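S.K.: Below is the structure I would like to discuss, written out as structure tokens.
Every number here is computed from the coordinates shown, using simple stated rules; none is lab data. On a predicted model such as this, the values are computed, not experimentally measured, just so you know. All Cβ positions, even for glycine, are placed from backbone atoms using ideal geometry, and neighbour counts span all protein chains on display.
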Amino acid sequence: MELKEVVKEKYGQAALRVHAGGSSCCGAAGAMEGCDPITSNLYDAGQTGVLPEEAVLASLGCGNPTALAELKAGETVLDLGSGGGIDVLLSARRVGPTGKAYGLDMTDEMLALARANQHKAGAENVEFLKGEIEHIPLPDNSVDVVISNCVINLSGDKDRVLREALRVLRPGGRFAVSDVVTRGDVPAEVRQNMLLWVGCVAGALQEEDYRDKLAKAGFAGIEIEPTRVYSIEDARTFLSGQGIDVDAMAPAVEGKFMSAFIRATKPAGCCA
Ligand SMILES: C[S@@+](CC[C@H](N)C(=O)[O-])C[C@H]1O[C@@H](n2cnc3c(N)ncnc32)[C@H](O)[C@@H]1O
């Protein structure tokens, strides 16, 4: 099956589980107690307390971009891969009634969940769009801030996603994204096993590659700041269940898999 179809199916199932009153955790995480060290405890009570419970339950991110992004009243925010809508609803509160928060997702079940959550939250400055992050259905220079939470790592064409993010941002606009990245050389087999643990389907970039791709797309002021570094112990239960010799693999893992906050800006005057 094409990568995109696999991703759609996994996240469609995750959305339906939330709809049925269950947890959104999928893949490896779903097999474990609670969510896991990646998705759990990302938002504080002040943030979750103002949202519909289903929006919080549907959270499948690996960071909290709205806590780290600077968002001002009146701004337009776009969330790439908005899932159940948690970051869109939080952004909408931050930009206020004169601003707007768009969520973009390709999975119908996630869009249905997000729109139901919008309705429950009574958020009027929110719009969920159906589409792919590789082909953003918004005009050039129309957004102040692009956020995203653990989605760009899922794309098979990250260069195109970053070019699209740059295109829709206004000159001076900000890219403020949480994502999984790897650091340094990791043997291919270890990488594959760890990334299976990390998400439903994951294809994280090395931090240097992320930086290079952002620069190649035209971004400036690029910063990558680790927010959670995963240890082999975090993944032990899952990896053991796959029949992997976890202790042998440990030295190749420590300090190399992390969630990070990635920021960059579209240069003023960009682009012809
Ligand atoms: C890991 S979940 C994250 C959801 C949300 N950002 C959050 O923090 O809860 C990934 C979401 O991105 C969507 N997605 C993945 N790849 C996509 C693509 N290429 N275009 C649009 N949406 C995509 C999936 O449908 C899913 O809702």
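S.K.: Classify the stretch 150-225 as rounded, prolate or oblate, taking a ≥ b ≥ c as the square roots of the eigenvalues of its Cα gyration tensor: rounded when a/c is under 1.5, otherwise prolate if a/b is larger than b/c and oblate if not.
M.R.: Note, shape of the stretch 150-225 comes out prolate.
S.K.: Something else about it: Going by how many other beta carbons lie within 10 Å of each one, how would you line up T39, T227, fewest first?
M.R.: Fewest-to-most ranking of T39, T227: T227, T39.
S.K.: Against the 2.2 N^0.38 Å scaling, with N counting residues, where does the chain land? I'd like the Cα-based Rg ratio to two decimal places.
M.R.: The chain yields a ratio of 0.96.
S.K.: I've got another one for you. So which aspartates and glutamates pass the test for K130, namely a Cα distance under 16 Å, with those fewer than 8 places away in the same chain ruled out?
M.R.: Here the aspartates and glutamates satisfying the reach criterion relative to K130 are E5, E9, D79, D105, D108, E109, E164.
S.K.: Now a separate question. Express the relative contact order of the chain as a whole percentage, based on alpha carbon pairs under 8 Å and six or more residues apart in sequence.
M.R.: 19
S.K.: Mind putting a number on the dipole of the chain about its Cα centre? Charges go on the C-beta only, +1 for Lys and Arg and -1 for Asp and Glu, and I need it in Debye to the nearest 20.
M.R.: With only Lys, Arg, Asp and Glu charged at Cβ, the dipole is about 740 debye.
S.K.: Mind checking which of V6, N153, S91 is farthest towards the positive end of the chain's charge dipole, using Cβ charges of +1 (Lys, Arg) and -1 (Asp, Glu) about the Cα centre?
M.R.: S91
S.K.: Among L162, L16, which comes first, second and so on when ranked by fewest other beta-carbon atoms within 10 Å?
M.R.: By the 10 Å Cβ count, ascending, the order reads L16, L162.
S.K.: E54: net charge of surrounding residues, Cβ under 13 Å, Lys/Arg +1, Asp/Glu -1, itself excluded?
M.R.: +1
S.K.: In addition: When DSSP beta bridges are limited to those with both residues in the stretch 76-176, what percentage is antiparallel, rounded to the nearest 5?
M.R.: 5
S.K.: Using the basic label-point model (7 angstrom from Cα toward the beta carbon), what is the L3 to E124 distance in nanometres?
M.R.: 4.2
S.K.: Among S178, V50, C270, whose Cα sits farthest toward the positive end of the charge dipole of the chain (+1 at Cβ of Lys/Arg, -1 at Cβ of Asp/Glu, about the Cα centre)?
M.R.: So the residue we want is C270.
S.K.: Per the helix-only calculation at 222 nm, which mean residue ellipticity applies to the chain, given -39500 (n - 2.57) for every DSSP H run of n ≥ 4 and division by its residues, nearest 500 deg cm²/dmol?
M.R.: Calculated at 222 nm, the ellipticity per residue is -11000 deg cm²/dmol.
S.K.: Cut-off is 10 Å between beta-carbons; in what order do K216, K4, K158 appear when sorted fewest neighbours first?
M.R.: Going from sparsest to densest Cβ surroundings: K216, K4, K158.
S.K.: Further question: Suppose the chain between D247 and L68 were pulled fully straight at 0.36 nm per residue; how much longer would it get relative to their current alpha carbon spacing?
M.R.: Net length gain for the segment: 60.9 nm.
S.K.: Taking the Cα centre of the stretch 121-198 as origin, sum charge times position over the Cβ atoms of Lys and Arg (+1) and Asp and Glu (-1), and report the length of that vector in debye to the nearest 20.
M.R.: 160
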